[in-house]
Amino acid sequence: MNGLYLGTDPPITEVIFVADKTKAPPHYYVISKAEDDTACEADLWKDSFFNFNRNYRYLCYSRSENASQASGMIIADVCLVNEKDKIPTNYAAVEWTYDSQRNVCGMILFEGEKCLRRKRLCVRRVHRSVAIDAVCNIVLLSKSKAPPVGYFCAGDIEGFLLCYKFCAMYSRDRNSLVTSGLPYPINSSLISNLYPRVPQQNSQKTMSSEENHTSAKTSLRTAILSPLQSQSGVEGVPFELHAKLKARLDLTSALKDLPPLPDSSNYLEAMCDYSFSFEKAMI
């Protein structure tokens, strides 16, 4: 396996749909049941029960390196979009069922069986040597309306909540790489590609620059999954009041310098006593 993997589950390399769950290719796991209700069939087409030619759709994923479209590619992210919406940049839509393919003269032709109705599942593929994190698990929920702990929600498909989980591919700090228990050697040259090339004049200054770059570029989900030297977004920002609040604060301070009012009620009544005799005479 090329690249350092730090998660508990291997990263997913490919995602497909099948119309017949018995025809899933080798090394693929078929999500045939809902995660929160094993009695619920995870059919993502939900055709009419009385339809004679009833259609089925099952989501499958593989962690095998041989399943990826290109060597070393993994699934870095997934999302759901409406059928008429534009596919996000750097994403590819999973349009057709895998078991509807026909190979004619070395060319793959499709019979036209769409994977989903009204929705499209899009995936972002990257090479594992440059991946910060990757999708390592996908589940479908039929009852719960919130993703499980550690999972993210991609959206709803025919009443099922599609949730996915990330695994960290690289540590956020080059000096804190998790190396214990790994069955393969660490390729330091691949790890160095994640960091900018800085002149090696001062090793202390170079390491600080790399840490700042990594902290700025690492996504929020990696910070949640891997609490290695995480930094809050407001850390280092000076605390300053708005100009209007400063003016009001200055006015409040000035009012404090005024002499206090006498406590005697008789004094206040004497100061404010007015007979209004002139006004009454004018009426």
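The values are calculated or read from the model by the stated rules, or taken from the named source; none is laboratory data. In this text, all values refer to a predicted model and were calculated from it rather than measured experimentally. Virtual Cβ from ideal backbone geometry, glycine too; neighbours counted across all protein chains shown.
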Enumeration of residues in the stretch 10-31 that are part of a loop (DSSP other than H, G, I, E, B) and buried (at least 16 other Cβ atoms within 10 Å of the Cβ): 10, 11, 12, 13, 19, 24
Among the residues of the stretch 39-53, are any without any contact (Cβ under 8 Å) to a residue 12 or more places away in the chain, exposed (fewer than 11 other Cβ atoms within 10 Å of the Cβ) and in a strand (DSSP E or B)? yes
Do the conditions hold for residue 60, that is, is it surrounded by 16 or more Cβ atoms within 10 Å (Cβ to Cβ), outside any loop (DSSP other than H, G, I, E, B) and either modelled with pLDDT under 85 or in contact with a Ser or Thr (Cβ under 7 Å, 6 or more places away or on another chain) (or both)? no
The stretch 244-283 - residue that is in a loop (DSSP other than H, G, I, E, B) and modelled with pLDDT of 75 or more and, of those, farthest from the chain's Cα centre (by Cα): 283
When (1) farther than 26 Å from residue 45 by Cβ; (2) modelled with pLDDT of 90 or more are applied to residue 171, the one that fails is (2)
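Conditions tested, residue by residue: (1) over 17 Å from residue 169 (Cβ atoms); (2) at pLDDT below 90.
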| residue | (1), (2) |
| --- | --- |
| 8 | no, yes |
| 15 | yes, no |
| 42 | yes, no |
| 53 | yes, yes |
| 67 | yes, yes |
| 74 | no, no |
| 84 | yes, no |
Return the pairs, sorted by first residue and then second, in which the second residue is among the charged types (D, E, K, R) and assigned to a strand (DSSP E or B), the first residue lies in the stretch 58-77 and is more than 14 Å from residue 25 (Cβ to Cβ), the beta carbons are less than 6 Å apart, and the residues are 6+ apart or on different chains. 73/125; 76/124; 77/124
